[in-house]
Amino acid sequence: MIKILIVEDERPISNLIDMSLRGAGYACTCAYDGTAAADLLEEERFDLVLLDIMLPGANGYELMEFIRPMGIPVIFLTAKTSVMDKVRGLRMGADDYLAKPFEIIELLARVETVLRRYHKTEALLEAGDVVIDQESRVVRKAGVPVNLTKKEFDLLVLFVQNKGIALFRENIYERVWESEYTGDSRTVDLHVQRLRRKIGWKDKIKPVYKVGYRLEL
Ligand code: CA
């Protein structure tokens with residue numbers, strides 16, 4: 001599981017970020033001042049730090065000096081929206097910058113982008129607003145987890161890995177059920193219908209006449 005350290009002294013903001021990231025399947029730890037953050041960074045290994053600038057104890061810029069040699073990606077969180085602060089943060093080696101107040105969907109998108117840049121999300125597959133974590137087998141649509149059965153999950157991965165390609169029922173069956181296709185299309189059709197409904201892709205997984213299905217995004 002991806003571990004994120006949230007360094008933010010304003011509790012309501014910290015709680016909101018914590019809740020949102022947990023909801024999206026990340027493991028989170030919160031630090032409410034610079035000293036506690038430095039202690040945690042020494043004790044544990046994190047995949048990403050969300051770092052506020054104005055903090056009691058050590059401020060975000062000071063902490064950045066501490067984090068940089070560790071090679072952990074950092075996204076600065078700050079109420080400051082001036083270009084100079086943004087430039088300073090990025091020059092110091094921050095990977096991105098998020099000005100408060102921000103939308104949760106923007107936070108999630110930036111977290112995903114930075115993690116991907118660091119290849120911490122190799123197991124992640126994306127299609128539109130759907131993100132598939134092949135390691136934890138968690139599927140999120142617009143950040144919200146979707147409950148899929150094992151076969152539905154495998155079917156989704158197959159479609160996403162073959163976007164725009166018409167897949168024969170026979171191939172779908174053999175790939176997902178890992179056994180020989182007997183010509184009975186009902187199993188495949190039933191699972192495709194259920195997957196479409198759960199993921200909200202009724203108009204995206206399209207039937208292909210005499211073949212099977214194709215994912216069009
Ligand atoms: Ca602050």
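Principal-axis analysis of the Cα atoms of the chain puts helix 104-117 at an angle of about 90° to the longest axis. When you filter the GluC sites (Glu not before Pro) in the range 21-127 for DSSP loop state and at most 16 other Cβ atoms inside 10 Å of their Cβ, you are left with Glu44, Glu103, Glu122. The alpha carbon convex hull volume per residue for the chain rounds to 125 Å³. Ligands, DNA and RNA are left out, and with a 1.4 angstrom probe the accessible area of the range 3-117 is 46 Å² per residue. Averaged over its residues, the range 169-216 has an accessible area of 65 Å² per residue, based on protein heavy atoms and a 1.4 Å probe.
Once you compute Rg and the Kirkwood Rh from C-alpha atoms, what is the Rg to Rh ratio for the range 3-71?
When Rh is taken as the Kirkwood radius, the ratio is 0.94.
Rg/Rh for the range 108-217 stands at 0.99; both radii use Cα atoms, and Rh follows the Kirkwood definition. The shape of the range 97-170 can be summarised by an equivalent ellipsoid whose semi-axes, obtained from the alpha carbon gyration tensor, come to 27, 13, 12 Å from longest to shortest. Taking the 1.4 Å solvent-accessible surface of the chain as the whole, the part contributed by carbon and sulfur is 51%.
Amide H contacts for Tyr213 (H built 1.01 Å from N in the peptide plane; partners 5 or more residues away or on another chain; cut-off under 5 Å): Leu167, Arg169, Val208. Put a plus charge on the Cβ of each Lys and Arg, a minus charge on the Cβ of each Asp and Glu, and nothing anywhere else: the dipole of the range 3-117 about its Cα centre is then about 420 debye.
The values are calculated or read from the model by the stated rules, or taken from the named source; none is laboratory data. In this text the structure is predicted, and so the values were computed from the model without any measurement. Cβ sites come from the backbone with ideal geometry, for glycine too, and all protein chains shown count toward neighbours. Ligands, DNA and RNA are excluded from the accessible area calculation, which covers all protein heavy atoms including side chains. Shrake-Rupley method; radii C 1.70, N 1.55, O 1.52, S 1.80 Å.
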